[in-house]
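Comments concern the structure below.
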Amino acid sequence: MELHLADYRCAEVVARFFAKHIQASHDGISNLEFLCPDGAKAACRRQQVIIAAEESKLVGALRFYRRKTSNSASLYQFALNERFRGSGVIAQMLRKIDVEYIEANCSIMSTFNAYYEKTGWQCVQQSRGLYIWKYQL
C-alpha cells in the first residue's frame, strides 16, 4: 500500500472518493461543511490530504489541518474502502502527518465515538455537544 500527500492532481478523485464513502446522514458527521467537494479539492491543493492507494487505486483519504500554534493537527474527515477497515491503515495515514498529536471532534450522541475509543484515541474534553478526541503519535 502506498501512502502519500495528495496534491492538485488528485483533487477530483479525492472529492469523488469522499462523496462515495461518507454519508451525510451518518451520525459521525459533526459539520456538513466537511462534505463539500470544493473543501476536499482545496485541501488537496494545500497538501492537507493523505491518500492510500493500492495498485494505483484510491482506497483511503484523510483530510487534516496542521495547526500553526502547536505541533498538532485537526482531523476533518476520513474514509477508507470497506475492504481495508480494521487493518490499521488510518493509523498509518495519521503518522504521515508528522505531528505530536491529532485532535478530532465528534458529536456526543454519535456512535462513532466507539471507533475513536477502540482505536486508541483519548477523549480530552467535552465542549458544546462534542467530544474532543486526541491521538498521540
Filtering the stretch 82-114 for residues that are within 16 Å of residue 3 (Cβ to Cβ), outside any helix (DSSP H, G or I) and open to solvent by less than 40 Å² (accessible area, probe 1.4 Å) leaves a count of 4
With criteria (1) touching a residue at least 60 places away in the same chain (Cβ under 8 Å); (2) surrounded by fewer than 16 Cβ atoms within 10 Å (Cβ to Cβ); (3) not β-branched (Val, Ile, Thr), residue 16 comes up short on (1)
By residue number, the members of the stretch 115-137 that are open to solvent by 100 Å² or more (accessible area, probe 1.4 Å) and either part of a strand (DSSP E or B) or among the hydrophobic types (A, V, I, L, M, F, W, C) (or both) are 122, 126, 136
Residue set 59, 89; condition under 19 Å from residue 116 (Cβ atoms) and not basic (Lys, Arg); output residue 89
Exercise. Residue 34: within 21 Å of residue 134 (Cβ to Cβ) and either touching a residue at least 12 places away in the same chain (Cβ under 8 Å) or open to solvent by less than 20 Å² (accessible area, probe 1.4 Å) (or both), yes or no?
Worked result: yes
Taking the stretch 44-79 and keeping only residues that are of a type outside the set (S, T, N, Q), open to solvent by less than 10 Å² (accessible area, probe 1.4 Å) and closer than 21 Å to residue 131 by Cβ, one is left with 62, 64, 73, 79
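Residue-by-condition table, conditions (1) farther than 17 Å from residue 137 by Cβ; (2) touching a Ser or Thr at 6+ places or on another chain (Cβ under 8 Å); (3) of a type outside the set (Lys, Arg):
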{"residue": "54", "(1), (2), (3)": "yes, no, yes"}
{"residue": "57", "(1), (2), (3)": "yes, no, no"}
{"residue": "65", "(1), (2), (3)": "no, yes, yes"}
{"residue": "81", "(1), (2), (3)": "yes, no, yes"}
{"residue": "84", "(1), (2), (3)": "yes, no, yes"}
{"residue": "87", "(1), (2), (3)": "yes, no, yes"}
{"residue": "100", "(1), (2), (3)": "no, yes, yes"}
{"residue": "106", "(1), (2), (3)": "yes, yes, yes"}
{"residue": "115", "(1), (2), (3)": "yes, no, yes"}
The condition from (1) in contact with a helix residue (DSSP H, G or I) (Cβ under 9 Å, 6 or more places away or on another chain); (2) charged (D, E, K, R); (3) not in a strand (DSSP E or B) that residue 68 misses is numbered (1)
With respect to residue 2, is the statement that it is open to solvent by 20 Å² or more (accessible area, probe 1.4 Å), of a type in the set (Asp, Glu) and closer than 21 Å to residue 133 by Cβ true?
no
Only one of (1) of a type in the set (D, E, K, R); (2) open to solvent by less than 50 Å² (accessible area, probe 1.4 Å); (3) without any contact (Cβ under 8 Å) to a residue 12 or more places away in the chain does not apply to residue 41, and that is (3)
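The values are calculated or read from the model by the stated rules, or taken from the named source; none is laboratory data. Since we're looking at a predicted model, the values are computed, not measured. In this analysis, Cβ positions are derived from the backbone assuming ideal geometry, glycine residues included, and neighbour counts consider all displayed protein chains. Quick note on the areas: whole protein, heavy atoms, side chains included, nothing else; ligands and nucleic acids left out. Shrake-Rupley method; radii C 1.70, N 1.55, O 1.52, S 1.80 Å.
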